[in-house]
Structures are given as C-alpha cells and as structure tokens.
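This report concerns only the one structure given below.
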Amino acid sequence: MTARYITSPIYYLNAEPHLGHVYTTVAADVLARYWRLAGAKVKFLTGTDEHGQKVAQAAAAAGESPKEYTDKLSKRFFEMCRKINASEDVFIRTTETRHHEAAKALWKQLEEAGQIYKSSYKGWYAVRDEAYYEESEIVDGKAPTGAPVEWMEEASYFFKLSAWERPLLDYYEANPRAIAPIGRRNEVLSFIKGGLRDLSISRTKFSWGVAVPSDPEHVMYVWIDALTNYITALGYPNVEGEEFQTFWPESIHLLGKDILRFHAVYWPAFLMAAGLTPPHRIFAHGWWTHDGEKMSKSLGNTVNLFELIDTFGLDPVRYFLMREIPFGQDGDYSDAAMTQRINSDLANDLGNLVQRVLSFIYKNAGAKIPEAGELLGVDREMLAKAASLHEVLREDMENQALQAYCQHIWEVIGEANRYVDAQRPWSLKKSEDPKDITRMETVLYVLVEVIRHVAVYVQPLMPDSASKILDQLGQTERIFEALHTPLKSGTPLIEPQGLFPRRG
Ligand code: MSP
C-alpha cells in the first residue's frame with residue numbers, strides 16, 4: 001500500500017498564528033486528505049516549536065514562565081488547526097518527554113559516530129531567525145533577513161557539517177526530486193558548493209531547551225531539536241518499528257522558503273551522519289504579502305486568520321490559498337482578490353453549476369438521479385473529461401502542484417457549465433416529445449456524474465462544501481475508487497441549498 005508522510009513546519013510560539021502559518025498547514029492538509037482518498041496510508045504531522053531563545057524571550061516579555069507561556073500559546077495553534085479543519089494525525093510539541101528523548105538519542109548517535117566536538121563559537125546570531133550568520137552576510141549591522149544580530153562568544157558543541165558537503169551534493173545529484181521547486185534546489189546546491197562550515201549546535205546562555213545528554217550545562221541549538229520532531233513522531237529511536245519503516249521513506253516536508261537551508265542542508269546532514277536516510281522530498285513554498293507589503297508584527301498588517309475565516313468562511317479561504325498562487329511562488333493577499341475568487345470560481349462557476357443542475361432536477365425531474373438514455377458524442381466527451389481528472393490530479397499531487405490541482409478541476413467545471421448552456425435541459429423539458437424528455441434525462445445524468453467527480457476531487461480543498469454537494473447527491477461512497485463505478489440512477493436527491501453566496 002502506498003504511504004505518505006506529510007509534515008508542516010512546527011511553529012514558533014512567539015506570536016499568534018497568522019496567514020503564513022495557515023498556508024503550510026492547509027497545503028499539508030490538502031495533500032493528506034487527497035492521499036487518504038486515494039487509498040494511501042497517511043500520516044500528517046504538525047505542531048509547535050517551543051524551545052530556544054526566541055520563545056524564552058517572548059515568555060519573559062509576557063511575564064510568564066516558558067512552560068506557562070508555551071502551554072497557553074501551543075493551544076492557540078491547536079485551535080488554529082481546528083479552525084482550518086486540519087486533519088493532522090499528530091500535533092507534536094517539542095516540550096513533550098518523547099521528543100526530548102528522541103532529540104537526545106539523535107545527539108548521542110551523532111556523538112558516537114564522531115560527528116560532534118566541543119570548541120567555542122564566536123560570531124553573529126539572530127534570535128529572531130534562530131540562525132547564525134557569517135560576517136560576510138551582515139548588511140548594515142543586520143542579518144540578510146533584516147533581523148537584528150548579536151555578537152556571541154561561548155563554549156559550544158559543533159556538528160561536522162563541513163564533512164557533509166560532498167555526500168549532500170552526491171545525494172542531490174542522485175535524487176533530482178528531493179528538493180522542489182527546481183529554483184530552490186539550485187539555490188541549495190549553490191549554497192552547498194559555496195562551502196559548508198561546521199555548525200554550532202549548543203548554547204549555554206539560556207536553559208530553555210533540550211539539555212545536551214553528556215553536558216547538561218548546554219542546551220541543544222533549537223534547530224537540531226526542532227528538526228528532530230519529524231522522526232520523534234515516527235517513534236525514533238526505534239527505527240526498526242513499523243511507523244518509521246512505513247513512513248520515513250515517504251516523507252514530504254512542506255515549508256517556507258526562508259527555512260529551506262535548515263531543512264535541505266542541516267537536516268539531511270544530521271540524518272546521514274546518524275546513519276539515516278534524508279527526507280524523501282522537501283517542498284519550499286513562497287511568501288504571502290498583504291496588499292503588496294511584507295506582513296510583520298511591527299507594521300501591524302499580519303492577516304489574522306481567525307478574523308479572515310469569520311469574514312469569508314473556511315472553505316473559501318482554503319480554496320483561495322491553494323488557487324491564488326502557484327505553490328512555490330510568492331503572492332499577495334488582499335480582500336479584493338479574495339472577494340473576486342469567491343465570486344468567480346465559487347459562486348459563478350462551481351456554485352452555479354451545482355445549484356442550477358440540482359435545483360432543476362429537484363423541481364422538474366423527479367428529485368432523483370436521472371436515467372441516462374443513449375449517449376451522444378458530446379456526452380461521452382464530457383464524461384471522459386471528468387474521468388480524465390483521475391490521472392491528471394494524481395500527477396499534480398505527486399508534484400505538490402496545488403494550484404494546478406484546482407485549475408484542472410475548474411476546467412471541468414467550466415466545460416460542464418458550457419455543456420449545460422449548449423444542451424439546455426430546461427428547453428427540452430418544455431417539449432411534448434418523449435424523445436426530448438429522454439434526452440433531458442440523459443443530459444442531467446451526465447451533469448450529475450460530472451458534479452459527483454468534481455465534488456469527490458474537491459474534498460481535499462473544501463471538505464465541508466464537497467461533503468454538502470455529495471450529501472445533496474445522496475452519495476455515501478466518496479473515495480476516488482468509488483468513481484470507477486458509474487453513478488446509479490434513481491438515488492433520491494436532497495433539497496439543494498446554495499453553497500457559496502456572492503460577496504458584494
Ligand atoms: N519553528 C520554525 C520551523 C521549524 S520546522 C522543524 C519556524 N517557525 S515559524 O513559526 O517562524 O514559521 C513557520 C512557517 O511559517 C515557515 O515555513 C514560514 O515560511 C511560514 N511563514 C511565515 N510567514 C509567512 C508568510 N508571510 N507567507 C508564507 N509563509 C510564511 O520557522
């Protein structure tokens with residue numbers, strides 16, 4: 001059986017969840033739901049990254065202990081997952097005991113493999129990014145990301161990252177799909193080719209973290225701790241266990257472009273050094289701006305997702321995020337763009353198709369799935385177009401091409417709307433000729449079959465709305481496999497209700 005292990009990043013607990021966080025979680029959720037409906041064994045992991053100086057500082061600023069603070073804020077991220085209808089199998093917190101154990105086990109394994117040594121670190125650190133920067137990267141006294149940096153000098157353990165330059169390049173050479181999109185892959189390769197320096201992986205100036213097993217004066221650098229979450233959730237260090245064996249080879253990490261280096265350079269190096277295989281695929285998506293500006297707490301223009309969903313509705317927000325920009329590129333959020341998408345794609349295209357066809361059948365054609373008579377060429381073409389989604393959409397999902405997934409479904413919706421206009425079932429209804437009535441029934445059957453396909457494939461994007469459509473069609477079999485059996489005539493319809501109100 002196919003397996004898929006889909007992960008989002010785990011979120012820092014230094015601020016309320018916003019659109020940027022939701023984006024990756026929704027994308028991961030869409031993939032997880034798709035693969036479950038495709039019959040795969042799926043594990044979808046998300047959670048919170050709770051250690052490190054940045055979180056400790058946020059707790060101090062809130063006047064709370066890190067423990068109180070993280071317990072409270074982690075709940076907000078958990079609520080965010082409920083709010084966006086995420087179907088995660090595991091919501092991990094790095095403060096859990098099992099995670100501390102896993103992070104320590106990885107450390108020990110690296111130590112035993114001779115990959116860690118003690119020395120001292122001198123250099124620039126940006127707490128906001130939880131990242132070290134080279135002198136050459138500092139611009140006007142700041143990190144290249146604009147984050148303030150501080151000079152750090154302390155005793156530190158180092159990971160021999162420099163030894164992994166060649167193995168990483170060889171690995172990526174042999175596995176061209178390991179990093180996507182291609183532009184990001186090229187960035188990573190040139191970064192590695194530019195030379196890797198050993199990485200400082202412990203800190204002594206604060207204690208909010210996982211203690212280094214052999215030297216508890218040190219806490220682990222937050223990224224070595226955080227990245228380990230991906231294998232903690234699979235039962236690491238039990239790498240022989242079924243969870244690890246099933247899911248690790250099928251891992252897909254989704255993350256923003258800003259944290260690609262950690263995932264595509266440090267993480268595979270840690271894993272290889274510990275005798276494990278690198279993640280199967282890493283997909284870096286772009287960043288959202290808001291009305292053309294970078295979202296930031298200081299500008300006060302982050303998009304609050306709780307408000308966003310209350311205003312526009314959950315499914316429209318989920319759809320918008322997946323449809324508006326190609327997964328992998330940057331894009332802009334604006335209320336106007338959201339409204340435009342809702343009115344055109346949801347109200348006019350999908351909503352209108354479903355509403356006019358189902359209301360018509362409900363009122364004028366016996367309120368049940370019609371009987372198809374002889375199929376004409378146009379009918380066959382329409383049905384074939386819907387059936388072809390199966391392969392096309394699978395390919396999109398193998399490539400995490402989430403926007404293309406939407407576009408391919410909406411092409412069929414567009415086709416179906418043109419088919420209704422051309423076949424005019426309502427005109428056929430007015431005829432006295434029984435042949436016209438049979439033709440009307442055939443046209444309606446074709447349309448309901450197309451709507452069933454569309455609704456089944458829309459489920460990962462908009463689970464509630466798709467479910468409403470399938471309820472109205474009286475369909476209980478909703479996995480992709482069910483589409484191989486033709487739609488049964490005679491099933492009663494439930495009174496159709498509008499799905500996506502237009503917005504002014
Ligand atoms: N804790 C680390 C991840 C550890 S994973 C082992 C972290 N957390 S974060 O909360 O700062 O960011 C989480 C994710 O949100 C990142 O993938 C980041 O790219 C994403 N985004 C934050 N702002 C964003 C936008 N404005 N747009 C799109 N994604 C953005 O980094």
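The values are calculated or read from the model by the stated rules, or taken from the named source; none is laboratory data. Bear in mind that the values here come from a model prediction, so they are computed numbers and not experimental data. Heads up, the Cβs are rebuilt from the backbone with ideal geometry, glycines too, and the neighbour counts pull from every protein chain shown.
The set of residues from segment 1-17 being in a strand (DSSP E or B) and either surrounded by fewer than 21 Cβ atoms within 10 Å (Cβ to Cβ) or more than 9 Å from the ligand (Cβ to nearest atom) (or both) comprises ALA3, ARG4, TYR5, ILE6. Among the conditions (1) surrounded by 15 or more Cβ atoms within 10 Å (Cβ to Cβ); (2) part of a helix (DSSP H, G or I), GLU481 misses just one, which is (1).
Got a sec? Which of ALA416, ALA347, ALA422, ALA386 is out of contact with any Ser or Thr (no Cβ under 9 Å at 6 or more places or on another chain), within 30 Å of TRP287 (Cβ to Cβ) and part of a helix (DSSP H, G or I)? Lay out the reasoning, then the answer.
Values: ALA416 fails: within 30 Å of TRP287 (Cβ to Cβ); ALA422 fails: within 30 Å of TRP287 (Cβ to Cβ); ALA386 fails: within 30 Å of TRP287 (Cβ to Cβ).
Among ALA416, ALA347, ALA422, ALA386, only ALA347 is out of contact with any Ser or Thr (no Cβ under 9 Å at 6 or more places or on another chain), within 30 Å of TRP287 (Cβ to Cβ) and part of a helix (DSSP H, G or I).
Could you count how many residues in segment 298-344 are of a type in the set (Gly, Ala, Ser) and assigned to a helix (DSSP H, G or I)? Residues that pass the stated criteria total 3. Criterion first (closer than 19 Å to GLU371 by Cβ and either in a helix (DSSP H, G or I) or at pLDDT below 95 (or both)) does VAL454 satisfy it? No, not satisfied.
Test LEU444 against the stated conditions and say whether it is surrounded by 15 or more Cβ atoms within 10 Å (Cβ to Cβ) and farther than 30 Å from THR24 by Cα.
For LEU444, the condition - surrounded by 15 or more Cβ atoms within 10 Å (Cβ to Cβ) and farther than 30 Å from THR24 by Cα - is met.
Just to be sure, is ASP71 surrounded by 14 or more Cβ atoms within 10 Å (Cβ to Cβ), within 20 Å of THR232 (Cα to Cα) and out of contact with any helix residue (DSSP H, G or I) (no Cβ under 9 Å at 6 or more places or on another chain)? Talk me through it step by step, then tell me what you get.
Working: surrounded by 14 or more Cβ atoms within 10 Å (Cβ to Cβ): yes; within 20 Å of THR232 (Cα to Cα): yes; out of contact with any helix residue (DSSP H, G or I) (no Cβ under 9 Å at 6 or more places or on another chain): yes.
In short, yes.
The set of residues in segment 355-384 being within 17 Å of LEU483 (Cβ to Cβ) and among the aliphatic types (A, V, I, L, M) consists of ILE369, ALA372, MET382, LEU383, ALA384.
Restricting attention to segment 159-168, does a residue exist that is in a strand (DSSP E or B) and within 20 Å of TYR121 (Cβ to Cβ)? Among the residues of segment 159-168, at least one is in a strand (DSSP E or B) and within 20 Å of TYR121 (Cβ to Cβ), which makes the answer yes.
All of THR476, THR442 fail the test of being at pLDDT 95 or above, assigned to a loop (DSSP other than H, G, I, E, B), out of contact with any Phe, Trp or Tyr (no Cβ under 9 Å at 6 or more places or on another chain) and among the polar types (S, T, N, Q), apart from THR476.
In segment 370-427, of all residues being over 35 Å from the mean Cα position of the chain (by Cα) and of a type in the set (Gly, Ala, Ser), the one that is farthest from SER8 (Cα to Cα) corresponds to SER427. Among the residues of segment 94-107, is there at least one that is farther than 24 Å from TYR157 by Cα and without any contact (Cβ under 8 Å) to a residue 12 or more places away in the chain? No. Figure legend. Inter-residue proximity from segment 246-258: first residues hydrophobic (A, V, I, L, M, F, W, C), second residues assigned to a helix (DSSP H, G or I) and away from the ligand (no atom under 12 Å from the Cβ), beta-carbon distance below 9 Å, spacing 6+ or different chains. Indicated pairs: ILE252/LEU31; LEU254/LEU31.
Conditions tested, residue by residue: (1) surrounded by fewer than 17 Cβ atoms within 10 Å (Cβ to Cβ); (2) small (Gly, Ala, Ser); (3) farther than 12 Å from LEU199 by Cα.
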| site | (1), (2), (3) |
| --- | --- |
| TRP124 | no, no, yes |
| ASP129 | no, no, yes |
| GLY146 | yes, yes, yes |
| VAL149 | no, no, yes |
| ALA155 | yes, yes, yes |
| LEU161 | no, no, no |
| PRO167 | yes, no, yes |
| GLU173 | yes, no, yes |
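Out of everything in segment 289-305 that is closer than 24 Å to ARG261 by Cα and either among the hydroxyl-bearing types (Ser, Thr, Tyr) or touching a helix residue (DSSP H, G or I) at 6+ places or on another chain (Cβ under 6 Å) (or both), what residue ends up being nearest to the ligand (Cβ to nearest atom)? Among those residues, the one meeting the criterion is THR289.
Restricting to segment 396-415, name every residue that is of a type outside the set (Val, Ile, Thr) and surrounded by 17 or more Cβ atoms within 10 Å (Cβ to Cβ). Full working, then the answer.
Residues of segment 396-415 of a type outside the set (Val, Ile, Thr): 396-408, 410-411, 414-415.
ASP396, MET397, ASN399, GLN400, ALA401, LEU402, GLN403, ALA404, TYR405, CYS406, HIS408, TRP410, listed by residue number.
So, GLU495, is that one in the same structural domain as ALA422 (by TED's automatic domain parsing), surrounded by fewer than 14 Cβ atoms within 10 Å (Cβ to Cβ) and over 19 Å from HIS408 (Cβ atoms) or not? No. Residues that are surrounded by 19 or more Cβ atoms within 10 Å (Cβ to Cβ) and of a type outside the set (Ser, Thr, Tyr) within segment 418-436 comprise VAL420, GLN423, PRO425, LEU428, listed in sequence order. Consider segment 255-281 and keep the residues that are among the aliphatic types (A, V, I, L, M) and within 11 Å of the ligand (Cβ to nearest atom). The one that is nearest to the chain's Cα centre (by Cα) is LEU255. Filtering segment 242-250 for residues that are away from the ligand (no atom under 16 Å from the Cβ), surrounded by fewer than 17 Cβ atoms within 10 Å (Cβ to Cβ), in the same structural domain as LEU106 (by TED's automatic domain parsing) and closer than 30 Å to TYR117 by Cα leaves a non-empty set.
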